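The values are calculated or read from the model by the stated rules, or taken from the named source; none is laboratory data. On a predicted model such as this, the values are computed, not experimentally measured, just so you know. As a convention, Cβ positions derive from the backbone with ideal geometry for all residues, glycine included, and neighbour counts pool all protein chains shown.
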Amino acid sequence: MNPPGSGPQFRPLLPGEVPSALRLSRLAGWNQTEADWERLVRLNPAGVCVWRDQEEVRASFSVTPYQGTQRIGWIGMILVDPAFRNRGIGSAALAAALHHIREQGLDLAGLDATDLGEPVYRKHGFVSIRPMTRWRGRLKFGGGPLPDSPCAPPPLEAVAAFDQRCSGVDRSPLFHHLLQSGARLLALKEETGDLAAFGFLRPGREAWQLGPVVAPRESRIPPLFDAVVQLVGEGNECLCDVPDGAIPQDQLRAVGMEASRHLQRMTLPAGRDVLCGPGIRCVSAFEMG
Ligand SMILES: CC(C)(COP(=O)(O)OP(=O)(O)OC[C@H]1O[C@@H](n2cnc3c(N)ncnc32)[C@H](O)[C@@H]1OP(=O)(O)O)[C@@H](O)C(=O)NCCC(=O)NCCS
């Protein structure tokens with residue numbers, strides 16, 4: 001899994017190491033659960049790699065491939081144990097992830113950078129393509145009429161085809177594994193019966209996580225969010241990662257959310273709106289694109 005040379009040797013995460021990997025993401029204050037780690041492994045077993053000492057997993061990365069108009073390798077879970085930082089291990093994790101992406105024949109690398117990660121990625125040639133904000137808060141209804149129940153979830157193939165028109169890639173493996181690991185699919189239909197919007201919602205370590213949300217028409221966002229509040233329950237905590245400008249801020253505040261942290265979507269080489277083009281209102285999560 002490593003490029004030839006020295007440095008920490010990354011190799012695929014073993015099933016029994018998931019709790020140790022979770023310890024690493026928890027140390028960074030991230031929201032992932034064991035189910036989130038396991039989903040990444042199912043999506044690409046050779047692409048979720050760790051470096052460890054005799055006690056614990058000390059560093060990690062994940063690569064999730066998406067195929068379509070572009071062949072994207074999505075990099076996530078770049079994590080280094082706080083006691084092991086500033087020794088080049090984060091840079092080595094990134095180099096190993098890029099090596100994996102090249103080996104798989106993928107032609108674009110994408111990731112969502114935290115403030116800590118951004119300088120490391122910039123040094124490797126990544127460029128920012130879109131600022132994003134993590135919105136978080138205790139949910140409340142948005143003030144409109146009480147929502148109708150969302151429609152019964154349509155077949156996954158229909159959701160994936162609808163999504164591909166906005167994302168440009170086939171995310172059916174991701175959607176399949178989201179549902180397998182307990183995520184809920186919310187969908188709204190147009191009066192014609194066509195799909196109008198959908199969103200996935202899953203339990204996180206600290207808060208429910210919403211994403212991706214795809215809604216080509218902006219007017220469908222408030223009813224979808226009200227359906228989210230209905231499902232999660234008022235007063236419960238939820239978060240979502242929103243490309244800046246994709247959802248009017250007053251709509252997010254209306255359902256109880258506030259901006260909690262900033263992220264940069266970055267690609268190598270420079271790409272345009274990778275997995276965050278028009279119609280994509282919330283991304284999946286920063287480890288999944
Ligand atoms: C971001 C993160 C992965 C970086 O890991 P790291 O191991 O500290 O990264 P590196 O050591 O490669 O680089 C960090 C610094 O060490 C420097 N460095 C690199 N190689 C070095 C070496 N051999 N010896 C000493 N310092 C080195 C780098 O130049 C960099 O310094 P600078 O930013 O001041 O220029 C780590 O801070 C982390 O896990 N943060 C929490 C999770 C997170 O935000 N992840 C990013 C997700 S996008």
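Residues in the range 89-113 that are within 11 Å of the ligand (Cβ to nearest atom) and under 21 Å from residue 277 (Cβ atoms): 111, 112, 113. Residues that are of a type in the set (Val, Ile, Thr) number at least 1 in the following strands (runs of 3 or more DSSP E) confined to the range 183-280: 208-214, 237-243, 258-268. Scan the range 254-289 for residues that are among the polar types (S, T, N, Q) and crowded, with 21+ Cβ neighbours inside 10 Å and the total you get is 2. Scanning the range 59-82 for residues that are surrounded by fewer than 21 Cβ atoms within 10 Å (Cβ to Cβ) and either assigned to a strand (DSSP E or B) or modelled with pLDDT under 95 (or both) gives 65, 67, 68, 69, 70, 71.
Residue check: is residue 134 of a type in the set (Lys, Arg), more than 15 Å from residue 284 (Cβ to Cβ), within 16 Å of the ligand (Cβ to nearest atom) and at pLDDT 95 or above? No: the conditions fail for residue 134.
The residues listed here are 213, 283; of these, the one that is of a type in the set (A, V, I, L, M), in contact with a Pro (Cβ under 9 Å, 6 or more places away or on another chain) and within 29 Å of residue 127 (Cβ to Cβ) is 283.
Considering (1) charged (D, E, K, R); (2) away from the ligand (no atom under 16 Å from the Cβ); (3) within 30 Å of residue 162 (Cα to Cα), the lone condition that residue 55 does not fulfil carries the number (3).
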